[in-house]
Amino acid sequence: MTALAELIRRDIKIALRVGGGALIGVLFFLTVTVLMPFAIGPDLALLTRLGPAILWLGALLASLLTLDRLFTADHEDGSLDLIVMGRTPLELACAAKALAHWLAAGVPLIAATPALGLMLNLDAAATSAVALTLLVGTPALTFTGMIGAALAVTLHRGGLLLAVLVLPLSIPVLIFGVAASQAAITGPLSFGTPFSILCALSLVSLVVGPFAAAASLRYGLD
Amino acid sequence: MRLSGRQIDCIRGGRSVFAGLDFEAFSGEVLAVVGPNGSGKTSLLRLIAGLLVPAGGTVDLEGGEAELTLPEQSHYLGHRDALKPALSVHENLAFWRDFLGGAAGDLSQSLAAVGLGHATYLPAAYLSAGQRRRLSIARLLVVRRPVWLLDEPTSALDTAGQDLFAGVMREHLAGGGIIIAATHTPLGIDARELRMGGAA
């Protein structure tokens, strides 16, 4: 257990230090949502209606932006070899790395949501609905994204490949994330239905992601 | 302990690197893998470390811990140093000690043993190539593993560093360890040679 805790601590520490890139995601998220009202115009009703979708899109792209470094950094400096050889099962190590990535890059996105909701004319209830769906949905983005990140390790410049592989997998998360937020704001659907499906998507990815990533790392090393 | 390989075939990128290779090494012994560039020295080490899958043949460790696989009982010191520039020397080493697990030695003692005692809190980004190598060697000391797989261990080390490393290896052998080292330069200790053929 200490091994996994240490791995999480190390990854968060690296992400938060200079050049770590944890803040790049938040900055990107901020830029997209701040520019949106300028592009759409001062129609407050329209902004409110599009708000949850804009926030979700921003969060999705922001999490993609930082994901491709999840394994490549460790692969380039040889750390990945030692992690594969170690006594900790690779599946657990992958899960720990994804968790660390979510804590360092995903949680700040959720924390920034209330401030950005203000920009999009969302009231308190709507903003908290979006934040709640992001809290439940972003782990699914990280854990499915991890599969693509693991596949991209062996290919140089796998960044684009990551987007192509991961985006289709994240479409359901996007659909139900936005649907749940909209349901909470305008109805007529109940909030519970899409929200439960979103939870289910996250739980499935928590289970499948580490195994798929570990398998592709084992196969891809050379 | 006896580490042996039988009839190992290695194919990389559709090309046979070596075929039908046999080797063995016993406790307290160094097996120096020598041969020209491209003869498969690194591939052999990575095969033993479990990082490459052999196309044929087997690698066995007899007399090790029954519940652990060979890679879990091995240290691998590759070309790349597995150091994070954002972390300090101390943090880098402490991470590997805690992550690799098993019997752990004293951290500051290991750093002192490789001559990095003065740089404990320096970020690894500021280390020279030789110092990075020394820090990797400290990893071998801080976590105990019976089998050491070393790929060009003395590259980037100065003469004093090479002497120091020879001492480190001697101590490991005296404790019953096995060392397999791919090398072009003499290691400074007695070693059995495994000569790899020219590029096939």
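The values are calculated or read from the model by the stated rules, or taken from the named source; none is laboratory data. Note that the structure is a prediction, hence the values are computed from the model and not measured. We place every Cβ from the backbone using ideal geometry, glycine too, and count neighbours over all the protein chains shown.
Numerical summary
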quantity: Filter result (crowded, with 17+ Cβ neighbours inside 10 Å and either under 16 Å from the mean Cα position of the chain (by Cα) or part of a loop (DSSP other than H, G, I, E, B) (or both)) within the stretch B:98-114; calculated: B:Leu100, B:Val114
quantity: Answer residue from the stretch A:1-60, given it is more than 14 Å from chain B (Cβ to nearest Cβ), surrounded by fewer than 18 Cβ atoms within 10 Å (Cβ to Cβ) and of a type in the set (S, T, N, Q) and is nearest to A:Val107 (Cα to Cα) among those; calculated: A:Thr31
quantity: Qualifying helices (runs of 4 or more DSSP H) (wholly inside the stretch A:112-222; at least 1 residues being aromatic (Phe, Trp, Tyr) and touching a Ser or Thr at 6+ places or on another chain (Cβ under 6 Å)); calculated: A:124-152
quantity: Within the stretch B:93-110, tally of residues that are touching a residue at least 24 places away in the same chain (Cβ under 8 Å) and either farther than 14 Å from B:Arg134 by Cα or among the charged types (D, E, K, R) (or both); calculated: 9
quantity: Residue check for A:Asp11: within 23 Å of B:Val143 (Cα to Cα), touching a strand residue (DSSP E or B) at 6+ places or on another chain (Cβ under 8 Å), touching a residue at least 60 places away in the same chain (Cβ under 8 Å) and not in a loop (DSSP other than H, G, I, E, B); calculated: no
quantity: Flag for A:Thr127 being over 14 Å from the mean Cα position of the chain (by Cα) and either within 30 Å of B:Arg145 (Cα to Cα) or surrounded by fewer than 22 Cβ atoms within 10 Å (Cβ to Cβ) (or both); calculated: no
quantity: Any hit, the stretch B:143-155, residues being assigned to a helix (DSSP H, G or I), closer than 22 Å to A:Asp74 by Cβ, within 13 Å of chain A (Cβ to nearest Cβ) and under 15 Å from the mean Cα position of the chain (by Cα); calculated: no
quantity: So B:Leu77, is it surrounded by 22 or more Cβ atoms within 10 Å (Cβ to Cβ) and modelled with pLDDT of 90 or more; calculated: yes
quantity: Filter result for A:Ala73 (more than 30 Å from B:Leu150 (Cβ to Cβ) and not acidic (Asp, Glu)); calculated: no
quantity: Residues located in the stretch B:52-92, provided they are touching a residue at least 40 places away in the same chain (Cβ under 8 Å), more than 10 Å from chain A (Cβ to nearest Cβ) and closer than 24 Å to B:Gly176 by Cα; calculated: B:Thr58, B:Val59, B:Asp60, B:Leu61, B:Glu62, B:Gly63, B:Gly64
quantity: Selection from the stretch A:61-78 of residues that are touching a Leu at 6+ places or on another chain (Cβ under 8 Å), within 14 Å of chain B (Cβ to nearest Cβ) and either in a loop (DSSP other than H, G, I, E, B) or modelled with pLDDT of 90 or more (or both); calculated: A:Asp77
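Residue-by-condition table, conditions (1) buried (at least 19 other Cβ atoms within 10 Å of the Cβ); (2) polar (S, T, N, Q); (3) outside any strand (DSSP E or B):
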residue	(1), (2), (3)
B:Leu3	yes, no, no
B:Asp22	no, no, no
B:Leu47	yes, no, yes
B:Gly64	yes, no, yes
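Residue-by-condition table, conditions (1) in contact with a helix residue (DSSP H, G or I) (Cβ under 8 Å, 6 or more places away or on another chain); (2) away from every other protein chain (no Cβ under 14 Å); (3) without any contact (Cβ under 8 Å) to a residue 24 or more places away in the chain; (4) surrounded by fewer than 20 Cβ atoms within 10 Å (Cβ to Cβ):
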position: A:Val166; (1), (2), (3), (4): yes, yes, no, no
position: A:Leu169; (1), (2), (3), (4): yes, yes, no, yes
position: A:Val173; (1), (2), (3), (4): yes, yes, no, no
position: A:Pro194; (1), (2), (3), (4): yes, yes, yes, no
position: A:Leu217; (1), (2), (3), (4): yes, no, no, no
